[in-house]
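Novice: This is the structure, below, for whatever I ask next.
The values are calculated or read from the model by the stated rules, or taken from the named source; none is laboratory data. Just so it is clear, the structure is predicted and the values come from calculations on it, not from any experiment. Here the Cβ positions follow ideal geometry from the backbone for every residue, glycine too, while neighbour counts run over all protein chains shown.
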Amino acid sequence: MTDKATPAKSGKNPKSSKDPFANVPHEPGAPKMDKIIVADHVKRRFGGLTAVDVAHFEVQRNAITALIGPNGAGKSTFFNLLTGFDRPQEGEWSFNGFSLHSKSPAQVARSGMVRTFQLTKALSRMTVMENMRLGAAQQVGENFFRALFPALWRKQEAEITAKAEELLVRFKLDAKKNDYAGELSGGQRKLLEMARALMSDPEIVMLDEPMAGVNPALTESLLDHIVELKKEGVTVLFVEHDMHMVRRISDWVVVMAEGKIIAEGPPDTVMANAAVQDAYLGSHHDTDLFEER
Ligand SMILES: Nc1ncnc2c1ncn2[C@@H]1O[C@H](COP(=O)(O)OP(=O)(O)OP(=O)(O)O)[C@@H](O)[C@H]1O
Ligand SMILES: [Mg+2]
């Protein structure tokens with residue numbers, strides 16, 4: 001680690017030295033101790049609208065980071081850019097120190113970075129199990145491998161099935177494995193999408209509104225899954241509008257408004273930030289930033 005972060009402004013309660021955010025300044029673009037993603041000068045314009053204009057952004061490894069901001073702030077577009085689903089007009093970004101510039105979504109996924117979508121992309125005419133297997137297919141260079149090494153392929157197939165079954169149990173979808181994904185509830189589709197993302201053993205999962213439209217019982221299990229992922233060493237970056245959820249599980253919160261990162265910090269500090277409150281108030285957003293449940 002070569003970066004020296006300047007001490008946090010609130011020096012009252014020094015956190016344990018194990019806390020990777022203890023010395024991270026509460027400001028946009030703050031340097032992290034162990035960065036898994038770094039982005040610089042990323043700009044995405046749609047006609048006259050600048051949807052994303054991020055000067056500098058770092059994600060701490062093996063932590064849960066929330067990306068929040070009012071509707072239209074550019075969060076999903078930023079996710080699309082980082083994961084190769086869209087291209088910026090300008091900018092550089094890297095994962096584990098390797099540039100992802102001009103990499104395809106499949107290449108990004110193979111390198112260990114997977115994402116889910118705000119509107120689920122579970123394939124409704126495929127079964128739950130088939131969806132899961134598709135999550136692994138991205139990883140192995142399927143056709144080539146199958147043709148050249150049929151015996152190895154069958155072994156790998158068996159491993160993929162076993163892994164899918166294990167994940168389906170974990171996400172309480174095992175009873176549905178032969179159902180069409182289209183028959184699942186919205187919340188179950190969200191769970192399926194997250195389970196499918198885990199098929200490729202990602203180093204980082206990026207979840208775009210994983211809790212939206214999910215009923216309270218399933219929300220609890222989704223939250224547990226996210227916390228569990230961190231325990232397993234996975235990094236999580238998620239977009240969420242529900243501030244109660246953000247408070248409960250995030251180690252660090254990054255706030256976007258009008259394409260820019262306007263604040264960063266631990267959940268409690270960042271939501272008290274005047275610029276953040278202005279951004280939400282100015283947007284007529286229905287998120288309640290201020291009320292504790
Ligand atoms: N493909 C596109 N073409 C034109 N404009 C777009 C496109 N995608 C996004 N935008 C615009 O870019 C801005 C940022 O959108 P984006 O979906 O990234 O916001 P968001 O922060 O994810 O919002 P939400 O919280 O509502 O999901 C919006 O003004 C949106 O209308
Ligand atoms: Mg969005």
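Novice: Mind telling me which of the residues Leu223, Leu207, Leu229 ends up being within 14 Å of the chain's Cα centre (by Cα), within 16 Å of ligand 1 (Cβ to nearest atom) and modelled with pLDDT of 90 or more? Don't jump to the end; show me each part of the working.
Specialist: Working: Leu223 fails: within 16 Å of ligand 1 (Cβ to nearest atom); Leu229 fails: within 16 Å of ligand 1 (Cβ to nearest atom).
Among Leu223, Leu207, Leu229, only Leu207 is within 14 Å of the chain's Cα centre (by Cα), within 16 Å of ligand 1 (Cβ to nearest atom) and modelled with pLDDT of 90 or more.
Novice: Based on what the data block shows, is Ala275 assigned to a helix (DSSP H, G or I), surrounded by fewer than 21 Cβ atoms within 10 Å (Cβ to Cβ) and either of a type in the set (Gly, Ala, Ser) or touching a helix residue (DSSP H, G or I) at 6+ places or on another chain (Cβ under 9 Å) (or both)? Break it down into steps so the answer makes sense when it comes.
Specialist: Working: assigned to a helix (DSSP H, G or I): yes; surrounded by fewer than 21 Cβ atoms within 10 Å (Cβ to Cβ): yes; either of a type in the set (Gly, Ala, Ser) or touching a helix residue (DSSP H, G or I) at 6+ places or on another chain (Cβ under 9 Å) (or both): yes.
Answer is yes for this residue.
Novice: Can you tell me how many residues in the stretch 74-99 are within 9 Å of ligand 1 (Cβ to nearest atom) and part of a helix (DSSP H, G or I)? I'd like the intermediate steps shown before the answer.
Specialist: Residues of the stretch 74-99 that are within 9 Å of ligand 1 (Cβ to nearest atom), as a first pass: 74-80, 86.
Those still in the list that are part of a helix (DSSP H, G or I) too: 75-80.
The total comes to 6.
Novice: Give me the residue from the stretch 34-65 that is within 19 Å of the chain's Cα centre (by Cα) and outside any strand (DSSP E or B) and, out of that set, farthest from Leu207 (Cα to Cα).
Specialist: Asp34
Novice: Quick one: Lys103 ticks every box in (1) charged (D, E, K, R); (2) more than 16 Å from ligand 2 (Cβ to nearest atom); (3) in contact (Cβ under 8 Å) with a residue 40 or more places away in the chain; (4) part of a loop (DSSP other than H, G, I, E, B) bar one, so which box is it?
Specialist: (3)
Novice: Checking the condition surrounded by 14 or more Cβ atoms within 10 Å (Cβ to Cβ), assigned by TED's automatic domain parsing to the domain that holds Arg61, touching a residue at least 24 places away in the same chain (Cβ under 8 Å) and assigned to a helix (DSSP H, G or I), which residue from Ile160, Ile226 passes? Steps first, answer last, please.
Specialist: Numbers: Ile160 fails: assigned by TED's automatic domain parsing to the domain that holds Arg61.
Sole residue among the options that is surrounded by 14 or more Cβ atoms within 10 Å (Cβ to Cβ), assigned by TED's automatic domain parsing to the domain that holds Arg61, touching a residue at least 24 places away in the same chain (Cβ under 8 Å) and assigned to a helix (DSSP H, G or I): Ile226.
Novice: For the stretch 236-247, give me each residue that is touching a helix residue (DSSP H, G or I) at 6+ places or on another chain (Cβ under 8 Å) and modelled with pLDDT under 95.
Specialist: Selection gives Glu240, Met243, Met245, Val246, Arg247.
Novice: Within the stretch 151-186, count every residue that is more than 19 Å from Ser200 (Cα to Cα) and either aliphatic (A, V, I, L, M) or touching a Pro at 6+ places or on another chain (Cβ under 7 Å) (or both).
Specialist: 4
Novice: Test each condition in (1) within 20 Å of Glu258 (Cα to Cα); (2) under 19 Å from the mean Cα position of the chain (by Cα); (3) of a type in the set (D, E, K, R) for Glu27 and report the one that comes out false.
Specialist: Just one mismatch for Glu27, condition (2).
Novice: As an exercise: evaluate Gly213 against (1) under 29 Å from Pro20 (Cβ atoms); (2) within 16 Å of ligand 1 (Cβ to nearest atom); (3) not hydroxyl-bearing (Ser, Thr, Tyr) and give the number of the one condition it does not meet.
Specialist: Every listed condition holds for Gly213 apart from (1).
Novice: Of the residues Gly213, Gly265, only one is in contact with a helix residue (DSSP H, G or I) (Cβ under 6 Å, 6 or more places away or on another chain) and on the phi > 0 side of the Ramachandran plot; which? Let's see the steps before the verdict.
Specialist: Numbers: Gly265 fails: in contact with a helix residue (DSSP H, G or I) (Cβ under 6 Å, 6 or more places away or on another chain).
Just a single option satisfies the conditions, and that option is Gly213.
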